[in-house]
Amino acid sequence: MTLFHGRTYNDHLHKLINDPQSNILIVHGDQDEFTGAETYEGWVAELRKNEGEFRVELVQGATHFWTLGAGQRLKEVVNGWVPKLV
């Protein structure tokens with residue numbers, strides 16, 4: 001999620017979060033070297049204030065690069081997610 005450090009990306013993220021028709025999936029690892037779990041928890045707290053659809057999955061042992069079994073778990077989570085239809 002380092003993509004969202006710039007102002008332009010933050011603006012787009014906030015627009016998405018505030019769209020009641022959005023479907024957001026956040027998948028993060030508890031061992032991410034660049035974006036700590038606290039950052040994701042902050043985003044989730046902000047999401048809870050809005051109407052958009054979202055789901056959060058924490059993958060134990062996953063790093064920023066999704067190596068080994070964490071990559072397989074990421075694939076399973078993404079493939080298994082069914083967003084709401086609008």
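Structure above, values below:
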| read-out | value |
| --- | --- |
| Contacts under 8 angstrom Cβ, first residue in region 57-70 being touching a residue at least 40 places away in the same chain (Cβ under 8 Å), partner exposed (fewer than 13 other Cβ atoms within 10 Å of the Cβ) and assigned to a loop (DSSP other than H, G, I, E, B), 6 or more apart | ALA70/GLY61 |
| All positions within region 60-86 that are under 13 Å from LEU25 (Cα atoms) and not in a helix (DSSP H, G or I) | TRP81, VAL82, PRO83, LYS84 |
| Pairs with Cβ under 7 Å, 6+ apart, first in region 34-49 and surrounded by fewer than 12 Cβ atoms within 10 Å (Cβ to Cβ), second outside any helix (DSSP H, G or I) and not hydrophobic (A, V, I, L, M, F, W, C) | PHE34/HIS64 |
| All positions within region 57-86 that are surrounded by 12 or more Cβ atoms within 10 Å (Cβ to Cβ) and at positive phi | GLY61, TRP66 |
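All of the numbers you see were taken from the coordinates with simple rules; none came from a lab. Small disclaimer: the values here were computed from a predicted structure and weren't measured. Neighbour counts run over all protein chains shown; Cβ positions are idealised from the backbone, glycine included.
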